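Below is one structure, written out as structure tokens; the observations come after it.
Readers should treat all values here as calculations from the given coordinates under stated rules, not as data from a laboratory. Since the model is a prediction, treat every value here as computed from it, not as a measurement. For neighbour counting, all protein chains shown are included, and Cβ atoms are generated from backbone atoms with ideal geometry for every residue, glycine included.
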Amino acid sequence: MNAADWLRMKEEMAAVRTDRSVPVYFRRGDVILDEQECRIEAVGRGWRLQSDAAREARTVVIVFGASDLDVMVDDRFTEAEVLYRIVFISVNRDVDTQAEAVAVE
């Protein structure tokens, strides 16, 4: 792909991200990072872990941010009164950042 293709893809993803972006404050340990704009989208209706000893339901969301989004696995953030923890970040960040988070409370 040439530079014009990459630029077009970045512009298109920026339009998708900013369509419904919200301010997110990631917490990394005891540090609260500066506000970053992200789009948060639910993935399905959640899933349930079940065994003889316990049951647990989890909601999964995708966090869309700019390619330079300052986010790491285990960062936490609150959206719509739900606490989430980042569990995965896509290694390809050429166009944007896509991370998975699970509800922890």
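Residues being of a type in the set (D, E, K, R) and not in a loop (DSSP other than H, G, I, E, B): count how many of those fall in region 85-102. Write out each step before concluding.
Filtering region 85-102 for residues of a type in the set (D, E, K, R) gives 85, 93-94, 96, 100.
If we keep only those that are not in a loop (DSSP other than H, G, I, E, B) too, we end up with 85, 100.
Residues in region 85-102 being of a type in the set (D, E, K, R) and not in a loop (DSSP other than H, G, I, E, B): 2 in total.
Filter region 62-88 down to the residues that are surrounded by 16 or more Cβ atoms within 10 Å (Cβ to Cβ) and aromatic (Phe, Trp, Tyr) and list them by number.
Hits for region 62-88 are PHE64, PHE77, TYR84.
Which of the residues belonging to region 3-37 are within 17 Å of ASN92 (Cα to Cα) and free of Cβ contacts under 8 Å to residues at least 60 places away in the same chain?
Taking region 3-37 as the starting set, the residues that turn out to be within 17 Å of ASN92 (Cα to Cα) are 3, 5-14, 17.
Hits for region 3-37 are ALA3, ASP5, LEU7, ARG8, GLU11, GLU12.
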